[in-house]
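S.K.: Handing you this structure, nothing more for now.
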Amino acid sequence: MKKRSCFGLWTVVWLLAAVGVIVFFVVAPWTAVFARQLFPAYRMFFWPGLAYTWVVAALYALALFDFARIVGNIVRDRSFCLENARRMNRISAFALLAMLWFAVGLACLALARMTTPGLWLLFAFLIFMSLVIALLARALARLTERAAEIKEENDLTV
């Protein structure tokens with residue numbers, strides 16, 4: 001594959017990284033400060049809320065790092081290799097961890113009686129999207145695994 005044809009993939013990686021930095025380290029803290037001023041009775045949740053968000057950011061960054069490594073293999077014309085399959089499995093695991101983390105967050109908010117219908121919808125959406133990403137990444141990992149096996153067989157037959 002030509003390097004210039006992968007420009008779009010690298011653009012996506014950098015765009016996702018930039019959006020992640022903006023959301024997790026600019027928008028989330030600004031929103032937390034604003035919420036602390038608006039609801040002073042809940043100010044004790046400021047740091048736990050930010051820590052919760054930063055765990056999500058860490059999972060996002062780890063998955064994005066693996067995605068960037070996959071793009072690097074694609075650029076080097078190593079699309080179908082077992083390394084890419086392992087990385088897709090890791091992305092799937094990170095998405096499943098995020099799904100569980102969102103479920104724990106929703107449960108904690110529900111136990112503290114701090115939920116609203118909007119929060120239920122938001123967390124339901126986040127849980128569902130994490131599950132979809134995990135399933136798609138797992139399916140792509142299996143597909144890449146199988147393609148790598150076929151490629152290896154074909155490389156051995158001359």
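The values are calculated or read from the model by the stated rules, or taken from the named source; none is laboratory data. Being a predicted model, the structure only gives us computed values, none of them experimental. Reconstructed Cβ throughout: ideal geometry from the backbone, glycine too, with neighbour counts over all protein chains shown. In case anyone asks, the SASA skips ligands and DNA or RNA and just uses the protein heavy atoms, side chains included. Shrake-Rupley method; radii C 1.70, N 1.55, O 1.52, S 1.80 Å.
S.K.: Please turn the phi angles of the range 12-24 into ³J(HN,Hα) values with the Karplus equation 6.51 cos²θ - 1.76 cosθ + 1.60 (θ = phi - 60°), one per residue in order, whole Hz, x for glycine and proline.
M.R.: For the range 12-24, the Karplus curve yields 4, 4, 5, 5, 5, 5, 5, 4, x, 4, 5, 5, 7 Hz.
S.K.: For the chain, with every protein chain kept in place, what is the accessible area per residue (1.4 Å probe, Å²)?
M.R.: Here the per-residue accessible area is 68 Å².
S.K.: A follow-up question, please. Tally Lys and Arg at +1 and Asp and Glu at -1 over the other residues with C-beta under 14 Å from the C-beta of Arg138: what net charge comes out?
M.R.: +3
S.K.: Return the equivalent ellipsoid semi-axes of the chain as a descending list in whole Å, where each equals the square root of 5 times an eigenvalue of the C-alpha gyration tensor.
M.R.: Semi-axis lengths for the chain are 39, 18, 10 Å.
S.K.: How large is ³J(HN,Hα), in whole Hz, for each residue of the range 33-46 in order, when computed from phi with the Karplus curve 6.51 cos²θ - 1.76 cosθ + 1.60 and θ = phi - 60°, using x for Gly and Pro?
M.R.: Per residue, the Karplus-derived 3J(HN,Hα) values read 5, 4, 5, 5, 6, 6, 10, x, 5, 9, 5, 5, 8, 4 Hz.
S.K.: Report, to the nearest whole %, how much of the accessible area of the range 75-158 belongs to carbon and sulfur atoms, 1.4 Å probe, protein only.
M.R.: 71 percent
S.K.: Cα gyration tensor of the range 97-158, axes a ≥ b ≥ c as square roots of the eigenvalues: rounded (a/c below 1.5), prolate (a/b > b/c) or oblate?
M.R.: Because a/c hits 1.5 or more and a/b exceeds b/c, the range 97-158 counts as prolate.
S.K.: If you don't mind, another one. Between Arg43 and Trp14, what's the calculated FRET efficiency when r is the beta-carbon distance and R0 is 41 Å? Round to 0.05.
M.R.: Step by step, r from the Cβ atoms, then E = 0.70.
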